[in-house]
Amino acid sequence: GLLGRPRREVDPATADLVSAERAADELLEAARDRAGNRLVRTLRRHGRPEREVVAAAAGAGLLVLCREGTDALGPRVRFVVEQAACPVLLVWPDGDPP
């Protein structure tokens, strides 16, 4: 700190990481709530999203993906569809495929 005073503010990178972790917790909790009384297992992973999804789905009976954005599938979704070892169900928002 300035002239030997201790620095009390949080490092911005640390604050961003804490914020991201909190947002991930909220997202997982909301997904569990939407599942109702179904048995739900949540798993938080770090890495390239498409590779982590494929790895997490190993041994699964079905992987359900909801695509967002443009009508075309993005490269990450295409990677998952091509590399997943289980069947993949693509769900479009509002149930309307392009």
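Between beta-carbons, use under 13 Å as the cut-off and find the net charge around A56, counting Lys and Arg +1, Asp and Glu -1. Result for the local shell: +3.
Any chance you could run the full-extension gain for L73 through L90? It's 0.36 nm times the residue separation minus the Cα-Cα distance, nm to one decimal. The partial results should precede the final answer.
Details: separation 17, 0.36 × 17 = 6.12 nm, distance 1.00 nm.
So the chain would gain 5.1 nm between L73 and L90.
Just to confirm a number: summing +1 for Lys and Arg and -1 for Asp and Glu over residues other than V40 whose beta-carbon lies under 15 angstrom from that of V40, what do you get?
Details: positive: R32, R34, R38, R41, R44; negative: D25, E29, D33.
Summing Lys and Arg as +1 and Asp and Glu as -1 gives +2.
The H on the amide N of R67, modeled in the peptide plane, is under 5 Å from the matching H of V91, each at least 5 residues off or on a different chain. At an R0 of 30 angstrom, the distance between the Cβ atoms of A15 and R45 translates into a FRET efficiency of 0.85.
Every number here is computed from the coordinates shown, using simple stated rules; none is lab data. Predicted model only: the values in this text are computed from it and were never measured. Here Cβ is always computed from backbone atoms with ideal geometry, including for glycine, and neighbour counts include all displayed protein chains.
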